Amino acid sequence: MPNSATPTHCPYCALQCGMNLTPVEGGTVEVSERADFPVNRGALCGKGRTAPAVLSSRVRLTSPLVRSGGTLVPASWDEALDRIASELSRTRAEHGPDACGVFGGGGLTNEKAYTLGKFARVVLGTSQIDYNGRFCMSSAAAGGIKAFGLDRGLPFPLEDIPRTGCVILVGSNLAETMPPSLRFFTELRENGGTLIVIDPRRTKTAEQADLHLAPRPGTDLALALGLLHLVVAEGRVDEEYVRERTAGWEEARAAAMAHWPEYVERITGVSVPELRQTVRMFCEPESAMVLTARGPEQQSKGTDTVGAWINLCLATGRAGRPLSGYGCLTGQGNGQGGREHGQKADQLPGYRKLDDPAARRHVAEVWGVDPDSLPGPGRSAYELLDALGSDIKSLLLMGSNPVVSAPHAAHIEERIKSLGFLAVCDVVLSETAALADVVLPVTQWAEETGTTTNLEGRVLLRQRAITPPEGVRSDLEVMRELADRLGVEKGFPTDPEEVFEELRRASAGGAADYSGITYRRLAEENGVFWPCPAPDAQGTGSPEAHPGTPRLFLDRFATPDGRARFVPVSHRAAAEEPDAEYPVLLTTGRVVAQYQSGAQTRRVDELNAAAPGPFVELHPRLAERLGAAEGDPVAVVSRRGRAVAPARITTAIRPDTVFMPFHWYGEGRANTLTNPALDPTSRMPEFKTCAVRLETVGS
Ligand code: SF4
């Protein structure tokens, strides 16, 4: 491998910060600043800076493991792959193809996500595939498709943020989740714009805001409706825009007018003067944005909540205008690309619908199979995990750790244990991998080439900078080997660029059209925004390469008539509200030094020292009632289980709410408590609010 620096991107969050990697002794790399990538301009958070530690970690897996006599023991690759193939074959023969499940991840590259969807549908013939991105952005995706006909996290680049007039940031603590992005908001304020943060906690992000609203968890929908009510009542509707560019306003308006500000104040705890101030700050500048993240989205009414915020943008003429609009801050590294290329239960590559006959024909032709042989839509992520051990007998899992990250996690852990067979591909023995019958050690970010699509819809090239250790193989090689053993000898290349070339053809003409993007362009242009049709598919007769599309919807929305749709929505309660037995609200989230289920970051000494374990954040009034002092172990009990962690007492949280980060396993596993009530459209579980009671430990 070359000793010069290789430009690439961070393995963790959806910002996909640029970095340079240089190989060093010990099988790892040194990270250096890469100032040419416009998103982070060289800045990295601690997770990105320390990511090389996982490459050479002493707990890195470098040999397949096969369960024998109840214990995982080292095995050869052939032995491990043969075992997986024979178990999947047997399951199919005895119970049918849908008894085989496949579970992917939002961290997989586009090439892997694409191949995993193809593997499930072509090799296994199963409809039962979904991925952990369902737990991340599915409500925003569903809301965006309903309103705009298309979901791309941000329909504009991050660099537009400093030039807008006002940003309402709903349920995002990006100062901790993606710290380098904070500079866009700092520059916004330096330029005279304002930042409004909506979060039940006064987070590090909220501390930067001009206005912080702290609604009761689970009431963001009512809050957006109250703001829209005031927009109408104060005569701030952009009537011409509504007439020219939208449909469905009257129904949405009528629904909003039923949400009087005083009623909204009672539901949310946000005062009427705060609501009025928000409307003033949002409506007075020429441009403004609403950005949502997991706070409003991870609710059993997440799709409607996103719809309510989009309605606010539409009524005020913000969406599809320069420096304005609605966007979602996707979380996982390839959360955006991961949902575009076919590992989602209801989708085919190019963001095509699996139940669309034309989409099936197109993709089947690229895959060289009969469209009628492709299975239909399968179960969503939680429903798939919940069916393990009953309808689904065998599972292949790649790039996910649901024992820590799924809601009602103790139940999901039991479902996983009840499987007839589990195979896991991972780089370390995660809590889920530890339950497997076969574990395959796979290559990591710096050891392989592939593309990801960041939260802006910018397709990026991650480049191999180091040779992988002996004993590991790439996920693409795993799928190729399994396909071979299961009788499909063609169509599963192991070269990422070859996979990408096929993905380009499969996505051509779809909503997420990558057909005009090549590895060469990605390297030369530092990323390309989709849609980017191939020159011969632009319909213009132009031989020129398409430049990509940094800004969507400026002329028309992606609906058949080009108009955005208002969606009439009304407030409804969370699936679980506090009562006499469970009188407190729990909300969950992240800390800066850990990432998702912690499978990688908990293996990095520096990050562990900074964030060694979970905690229960609670208000002094609640702590006093409980009789708990700072650091005392506190038990948080929900209808699903009990978690124990030290108290962290702060006035930065509402007195009716406690917060726990969800990165850990063991007695402090926050997802033991969370509620798997699902959004009816997106099938997103209600991670962000459930009812709990607190106990001092020993009581
Ligand atoms: Fe990596 Fe995200 Fe940190 Fe950037 S902000 S260094 S992409 S984890």
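The values are calculated or read from the model by the stated rules, or taken from the named source; none is laboratory data. The model shown is predicted, which means the values in this text are computed figures rather than measured ones. We place every Cβ from the backbone using ideal geometry, glycine too, and count neighbours over all the protein chains shown.
Do we find that residue 47 is closer than 20 Å to residue 5 by Cα, of a type in the set (Lys, Arg) and part of a helix (DSSP H, G or I) in this structure? Yes; evaluated as a whole, the condition is true for this residue. The condition of being among the hydrophobic types (A, V, I, L, M, F, W, C), in contact with a Gly (Cβ under 7 Å, 6 or more places away or on another chain), within 16 Å of the ligand (Cβ to nearest atom) and over 22 Å from residue 601 (Cβ atoms) holds for residue 35.
Just wondering, is there one or more residues in region 504-526 that are under 25 Å from residue 55 (Cβ atoms), modelled with pLDDT under 95 and not in a helix (DSSP H, G or I)? So far as region 504-526 goes, yes, one or more of its residues are under 25 Å from residue 55 (Cβ atoms), modelled with pLDDT under 95 and not in a helix (DSSP H, G or I). Tell me, yes or no, whether region 251-258 has at least one residue that is outside any helix (DSSP H, G or I), in contact with a strand residue (DSSP E or B) (Cβ under 8 Å, 6 or more places away or on another chain) and under 26 Å from residue 299 (Cα atoms). No; the residues of region 251-258 include none that is outside any helix (DSSP H, G or I), in contact with a strand residue (DSSP E or B) (Cβ under 8 Å, 6 or more places away or on another chain) and under 26 Å from residue 299 (Cα atoms). The helices (runs of 4 or more DSSP H) found wholly in region 95-180 and carrying at least 3 residues that are modelled with pLDDT under 95 and more than 16 Å from the ligand (Cβ to nearest atom) occupy 138-148. Within region 633-650, the set of residues being outside any strand (DSSP E or B) and either free of Cβ contacts under 8 Å to residues at least 40 places away in the same chain or in contact with a Ser or Thr (Cβ under 6 Å, 6 or more places away or on another chain) (or both) comprises just one member, 650. The residue that is surrounded by the fewest Cβ atoms within 10 Å (Cβ to Cβ), among those in region 582-597 that are of a type outside the set (A, V, I, L, M, F, W, C) and either within 13 Å of the ligand (Cβ to nearest atom) or farther than 27 Å from residue 693 by Cα (or both), is 590. The residues of region 7-29 that are away from the ligand (no atom under 11 Å from the Cβ) and either at pLDDT below 95 or surrounded by 20 or more Cβ atoms within 10 Å (Cβ to Cβ) (or both), listed by number, are 8, 20, 21, 23, 24, 25, 26, 27, 28, 29. Report yes if some residue within region 423-445 is closer than 18 Å to residue 105 by Cβ, free of Cβ contacts under 8 Å to residues at least 60 places away in the same chain and assigned to a loop (DSSP other than H, G, I, E, B); otherwise report no. Yes.
If you check 67, 83, 60, 92 for being more than 16 Å from the ligand (Cβ to nearest atom), in a strand (DSSP E or B) and buried (at least 16 other Cβ atoms within 10 Å of the Cβ), only one passes: 67.
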